[in-house]
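Engineer: Please read through the structure below; I'll follow up with questions.
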Amino acid sequence: MNIFADFSDRIVDAIKKLELEAKGGGTLDFTRVTVEPPRDSSHGDLATNAAMVLSKAVGENPRTLGERLAAVLAEDADVAEASIAGPGFVNLRLSNRFWQERLAEMMDLAENFGRSQMGGGRKINVEYVSANPTGPMHVGHCRGAVVGDALANILSFAGYDVTREYYINDAGAQIDVLARSVLMRYREALGEDIDAIPEGLYPGDYLIPVGKRLADEFGTKLLEMAEPEALEIAKTHAIDAMMAMIRDDLAALNVHHDVFFSERSLHGGNGGEIRSAINDLTMNGHVYRGKLPPPKGQLPEDWEDREQTLFRSTEVGDDIDRPLIKSDGSFTYFAADVAYMKDKYSRGFEHLIYVLGADHGGYVKRLQALARAISGDKLELTVLLCQLVRLFRGGEPVRMSKRAGEFITLREVIDEVGRDPVRFMMLYRKSDAPLDFDFAKVTEQSKDNPVFYVQYASARCHSVFRQAREQLAIETIDRAAMQAALHRLQDEGELALVRKLAEYPRLIESAAQAMEPHRLAFYLYDLASLFHAQWNRGSETDSLRFVKVNDPELTHARLGLVQAVCDVVGSGLALIGADAPAEMR
């Protein structure tokens, strides 16, 4: 149960009991009424702004209205105290019994606690990574991969029907460069001395095996072919090899897509899919023939000082109109984007999410304009931009990769520190802020290393259960016995943990609504901190230990609390894409 949503309903009911009337008639607007944890936990368990947001509408002083509202809420059996703070906040302190009952519900739901039906099965497409298949994934791709994958997990947990998609940019000039680079390695595999890789081609050693496979399969035949034919063969083999490498890298990061969509498929049949999409836009009045004024600064590749086919994107929110077909009849890069979005819309998606690098900020308005034009403003579109990741080792910048030649590969990072630290730390800062990733810090075993601290909470939970089974001389600990004893939880540290656990459903829904998966990483760290603090209190004060051999009922109650912590930490780490270990060495 989302207790904040529950009390939002209770507060609205309490307001109605006051029989308030809006000045000038009409109905009161409750949409701005919020229920949240107070900033200072000493003020209570919940706080609402209801009196402040309604006072003007009813012509009443907010503190006076707050006092009236608090008096009604104090009659609720679950409310131990209702008080006024500041300009009119109503703070609620809930009864111990209320928190004990919530903990019992958490234990019933186990790993499904926090799961929501908020999404109502709404179809969402999350496109992330979509790295050009021209080489191994680098650490810059890593952040978008983790943000997109964790967001997809959270949205699915919140009740949305999510499709995880990767758009393979396997058409265009960069693929031609890849094919030429592979043919250089092919000639090298045949024994030719190619010297240094020419400027403009991909120099990485990762293309050497592709060239060797071409040599093994074709011998010298490619040298005898016309260049366009040889390039096409090299292109197909290179893309297949690069995508196999990328899939392996993603799997190592625990990232798995439902759909891999090829840009080349849009160009098949003489660009039939692209032409069809442009025709649809034309029929709806979004396409015209014209000339674009030269943009300021460096000219983009698709600008021409002559008449061409243009998308009238300024009428649907863009800064400038966008070229679709050049004067020579060839398609622009954006034309494929049009066909791709039309394809997504035709698959029934109601919301498209793009997770892109910060260097794609210029794409936001054109994609939003395109969504409006294609769907008649029915399709919702969100673009999340991920800022750069800077790598350090002990505070010193990390040098370039020897294998890739120009960057640090994703696989090198995973191999050095492990999948879980990479995934957790990529979420331990909001995606639109730069992130510093220090190899030394993410592997140290301390409170300053968030992923260790959270996973250690999981391991510590399991350790408590092992200790309980040993000291109580039992093989299993029954959940029903734990739930029956929860009334024994009275310590403030124990109840603080229950309150933090009870925030989990709200956290899931808010992270899904705001599309901010980093909120989950922060929450898990806070929960782990409370749990470790309670464990430390028990190590210092015998009466607060989780396992009390001379009081089996209290032990079972505290084990119920530990079980709920274990369930929520495990659930949250699974959504992040990391493991919840039973022990750590």
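The values are calculated or read from the model by the stated rules, or taken from the named source; none is laboratory data. From a predicted model like this one, the values you see are computed outputs, not experimental measurements. No Cβ is skipped: glycine too gets one built from the backbone with ideal geometry, and neighbour counts run over all protein chains shown.
Engineer: So which strands (runs of 3 or more DSSP E) are wholly in the range 272-357 and hold at least 3 residues that are under 30 Å from Val139 (Cβ atoms)?
Structural biologist: In the range 272-357, the matching strands (runs of 3 or more DSSP E) lie at 351-357.
Engineer: Oh, and also: Would you pick out the residues in the range 32-62 that are touching a residue at least 60 places away in the same chain (Cβ under 8 Å) and not in a loop (DSSP other than H, G, I, E, B)?
Structural biologist: If the condition is that a residue be touching a residue at least 60 places away in the same chain (Cβ under 8 Å) and not in a loop (DSSP other than H, G, I, E, B), then Ser41 is the only one that fits.
Engineer: I'm told Ala70 meets every condition in (1) of a type in the set (A, V, I, L, M, F, W, C); (2) part of a helix (DSSP H, G or I); (3) touching a Pro at 6+ places or on another chain (Cβ under 7 Å) except one. Can you identify the failing condition by its number?
Structural biologist: (3)
Engineer: Evaluate the range 280-302: report whether one residue or more is over 18 Å from Tyr363 (Cα atoms), among the β-branched types (Val, Ile, Thr) and surrounded by fewer than 18 Cβ atoms within 10 Å (Cβ to Cβ).
Structural biologist: Scanning the range 280-302 turns up at least one residue that is over 18 Å from Tyr363 (Cα atoms), among the β-branched types (Val, Ile, Thr) and surrounded by fewer than 18 Cβ atoms within 10 Å (Cβ to Cβ).
Condition check ((1) buried (at least 20 other Cβ atoms within 10 Å of the Cβ); (2) closer than 28 Å to Ile508 by Cα) across all residues:
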{"site": "Phe7", "(1), (2)": "yes, yes"}
{"site": "Ile11", "(1), (2)": "yes, yes"}
{"site": "Gly24", "(1), (2)": "no, no"}
{"site": "Ser42", "(1), (2)": "no, yes"}
{"site": "Ala50", "(1), (2)": "yes, yes"}
{"site": "Asn61", "(1), (2)": "no, no"}
{"site": "Ala70", "(1), (2)": "yes, no"}
{"site": "Glu75", "(1), (2)": "no, no"}
{"site": "Gly88", "(1), (2)": "yes, no"}
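Engineer: If you go through the range 522-557 one residue at a time, how many are in contact (Cβ under 8 Å) with a residue 12 or more places away in the chain, crowded, with 18+ Cβ neighbours inside 10 Å and small (Gly, Ala, Ser)?
Structural biologist: So the count comes out to 2.
Engineer: Does Val364 qualify as being touching a Phe, Trp or Tyr at 6+ places or on another chain (Cβ under 8 Å) and either over 15 Å from Ile124 (Cα atoms) or in contact (Cβ under 8 Å) with a residue 12 or more places away in the chain (or both)?
Structural biologist: Taking the combined requirement at face value, the residue does not satisfy it.
Engineer: So is Asp176 among the acidic types (Asp, Glu), within 24 Å of Glu224 (Cα to Cα) and in contact (Cβ under 8 Å) with a residue 12 or more places away in the chain or not?
Structural biologist: Details: among the acidic types (Asp, Glu): yes; within 24 Å of Glu224 (Cα to Cα): yes; in contact (Cβ under 8 Å) with a residue 12 or more places away in the chain: yes.
Judged against the criteria, Asp176 is a match.
Engineer: Mind listing whichever residues of the range 434-451 are within 21 Å of Leu410 (Cβ to Cβ) and not in a strand (DSSP E or B)?
Structural biologist: Those that are within 21 Å of Leu410 (Cβ to Cβ) and not in a strand (DSSP E or B): Pro434, Phe439, Ala440, Lys441, Val442, Thr443, Asn449, Pro450, Val451.
Engineer: Taking the condition polar (S, T, N, Q), assigned to a loop (DSSP other than H, G, I, E, B), free of Cβ contacts under 8 Å to residues at least 12 places away in the same chain and in contact with a helix residue (DSSP H, G or I) (Cβ under 9 Å, 6 or more places away or on another chain), does Ser431 pass? Let's see the steps before the verdict.
Structural biologist: Numbers: polar (S, T, N, Q): yes; assigned to a loop (DSSP other than H, G, I, E, B): yes; free of Cβ contacts under 8 Å to residues at least 12 places away in the same chain: no; in contact with a helix residue (DSSP H, G or I) (Cβ under 9 Å, 6 or more places away or on another chain): yes.
No: the conditions fail for Ser431.
Engineer: Somewhere in the range 82-98, is a residue more than 30 Å from Asn153 (Cα to Cα), outside any strand (DSSP E or B) and in contact with an Asp or Glu (Cβ under 7 Å, 6 or more places away or on another chain)?
Structural biologist: Checking the range 82-98: at least one residue is more than 30 Å from Asn153 (Cα to Cα), outside any strand (DSSP E or B) and in contact with an Asp or Glu (Cβ under 7 Å, 6 or more places away or on another chain).
Engineer: Is there any pair linking a residue in the range 262-274 that is assigned by TED's automatic domain parsing to the domain that holds Lys235 and polar (S, T, N, Q) to one that is assigned to a loop (DSSP other than H, G, I, E, B) and surrounded by 17 or more Cβ atoms within 10 Å (Cβ to Cβ), with Cβ under 7 Å and at least six apart or on different chains, and which?
Structural biologist: From residues that are assigned by TED's automatic domain parsing to the domain that holds Lys235 and polar (S, T, N, Q), there are no pairs.
Engineer: Quickly run through the range 119-149 and pick out the residues that are modelled with pLDDT of 95 or more, more than 26 Å from Ala179 (Cβ to Cβ) and of a type in the set (A, V, I, L, M, F, W, C).
Structural biologist: Ile124, Val126, Val146, Val147
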